[in-house]
Amino acid sequence: MKNIILEFKKKYEEKTPISVITCYDYTFARLFAQTEIDAILVGDSMGNVIQGHGSTIPVTLDDIIYHTKAVCKGAPEKLVIADMPFLSYQVSVEEGIRAAGRIMKETTADCVKLEGDSELVLTLTRRLTEMGVPVFAHLGLTPQSVHTLGGHRVQGKTPETRNRMIQKSKELSEAGAFAIVLEMIPESLGKDITDAITIPTIGIGAGRYSSGQVLVMQDLLGLNESFNPKFLKKYVDLSASVRQAVSEYHMEVVARSFPGEGNVF
Ligand code: KIV
């Protein structure tokens, strides 16, 4: 039995920065399992990067369970966080408990992630934690609320929204959340929240002072050429490599140079 929630907490206590990457399938999970990455998030960002939607809203609980199973198979020793998709927990605490319960029973994920700071989310965080389901919170730009937030814009820029986010981070921590994703907020707010609470903050576009960072795998691997937000660093240009490999394959098929002598039975 992996005990990685405790390892995660230990890293935080030792002030070692925590690295998180998203993943949605077995093949990449196996590769990530061979790295030192600290945790894998099966994010509802799959709505954008896997399913081709314009948002995370269409993602279903069945989608999350399907992809989480594949990721857990590929990276059985890593901490796997499964996102709770839109409408799997917003209707009532009971529905949220059932949805989280399905994720925990049908996959080997270690915890679930919930967006927002509503009373329902706070209560659900408390109830799930009491039941033994670790909860990752998510504040700042919460993509499931993209319509009310008016698009993908930096959050927490006014003194009111800033103070509110600090307060809500404390409440989520007190409700039992064991970590909080902070998305697209000013660096100074990321630092203030990180200083104000005693659980790890995992930033994406939240500056340099969070306890750790998370990036979407397609973004950091350079698989999405048209996505270039300021917070993103592309560590490799896989788009070019993939195009190059597929073009070469095509040309060799057309030229009858593939399969070659060494590829036949
Ligand atoms: O769904 C997701 O991938 C996320 C990260 C961007 C934090 O929530």
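The values are calculated or read from the model by the stated rules, or taken from the named source; none is laboratory data. All figures in this text were calculated on a predicted structure; none of them were measured in a lab. No Cβ is skipped: glycine too gets one built from the backbone with ideal geometry, and neighbour counts run over all protein chains shown. Keep in mind that these areas ignore ligands, DNA and RNA; they rest on the heavy atoms of the full protein, side chains included. Shrake-Rupley method; radii C 1.70, N 1.55, O 1.52, S 1.80 Å.
Using θ = phi - 60° and the Karplus curve 6.51 cos²θ - 1.76 cosθ + 1.60, what whole-Hz ³J(HN,Hα) does each residue of the range 55-72 get, with Gly and Pro shown as x?
Calculated HN-Hα couplings, in order: 7, 8, 4, x, 5, 9, 5, 4, 4, 4, 5, 4, 6, 5, 4, 5, 5, 4 Hz.
Computing the accessible area with a 1.4 Å probe over protein heavy atoms, can you report the carbon and sulfur percentage for the range 4-234?
54
Using the structure shown, select from K15/K230; K157/K191; K10/K168; K69/K233 the pairs with a Cα to Cα distance greater than 21 angstrom.
K15/K230; K10/K168; K69/K233
³J(HN,Hα) across the range 242-253 via Karplus (A = 6.51, B = -1.76, C = 1.60, θ = phi - 60°), whole Hz, x for Gly/Pro?
Karplus-based 3J(HN,Hα) across the range 242-253 equals 5, 4, 4, 5, 5, 5, 4, 4, 4, 5, 5, 5 Hz.
Treating the beta-carbon of each Lys and Arg as +1 and of each Asp and Glu as -1, no other charges, what is the dipole magnitude of the chain about its Cα centre, to the nearest 20 debye?
Computed charge dipole of the chain: roughly 300 debye.
Under the rule of at least 5 residues apart or a separate chain, name every residue whose amide H is placed under 5 Å from the amide H of I18.
G212, Q213
Stokes-Einstein diffusion coefficient for the chain at 37 °C in a medium of 0.692 mPa s, Rh from the Kirkwood formula over Cα pairs: what value in µm²/s? Don't skip to the answer; put the middle values down first.
Working: Rh = 19.3 Å.
Answer from the Stokes-Einstein relation: 170 µm²/s.
Between the alpha-carbon centers of the range 13-45 and the range 200-218, tell me the distance in whole angstrom.
Distance between centres, Cα-based: 12 Å.
I need the trypsin sites (Lys or Arg not before Pro) found in the range 119-172, filtered to DSSP loop residues with at most 14 other beta carbons within 10 Å of theirs. Provide the component values of the computation, followed by the final result.
On the way: sites: R126, R127, R153, K157, R162, R164, K168, K170; in loops: R153, K157.
Of the trypsin sites (Lys or Arg not before Pro), the ones in loops of the range 119-172 whose Cβ has at most 14 other Cβ atoms within 10 Å are R153, K157.
Rounding to the nearest 20 debye, state how big the charge dipole of the range 20-174 is about its Cα centre with +1 on each Lys and Arg Cβ and -1 on each Asp and Glu Cβ.
Values: 16 positive and 19 negative charges, 39 e Å.
Dipole of the range 20-174, to the nearest 20 debye: 180 debye.
Can you give the helix-only mean residue ellipticity at 222 nm for the chain, where every DSSP H stretch with n ≥ 4 adds -39500 (n - 2.57) and the sum goes over all residues, rounded to the nearest 500 deg cm²/dmol?
Calculated mean residue ellipticity at 222 nm is -13000 deg cm²/dmol.
What distance in nm separates the two pseudo spin-label positions at E106 and E248, each 7 Å out from Cα along the beta-carbon direction?
4.1
Would you look at the GNM of the chain, springs on alpha carbons closer than 10 Å, and say which of L223, L31, L122 moves the most?
Most flexible of the set in this elastic network: L31.
Would you mind working out the accessible area per residue for the range 1-150, using a 1.4 Å probe, and quoting it in Å²?
Ligands and nucleic acids excluded, the figure is 47 Å² per residue.
Test of understanding: in a Gaussian network model of the chain with alpha carbons linked when under 10 Å, which of P229, P200, P186 would top the mean-square fluctuation ranking?
Judging by the Gaussian network model, the answer is P229.
Please work out whether the range 1-131 counts as rounded, prolate or oblate from its C-alpha gyration tensor, where a ≥ b ≥ c are the square roots of the eigenvalues and a/c under 1.5 means rounded, while otherwise a/b larger than b/c means prolate and anything else oblate?
Oblate shape, in that a/c is at least 1.5 and b/c is the bigger or equal ratio.
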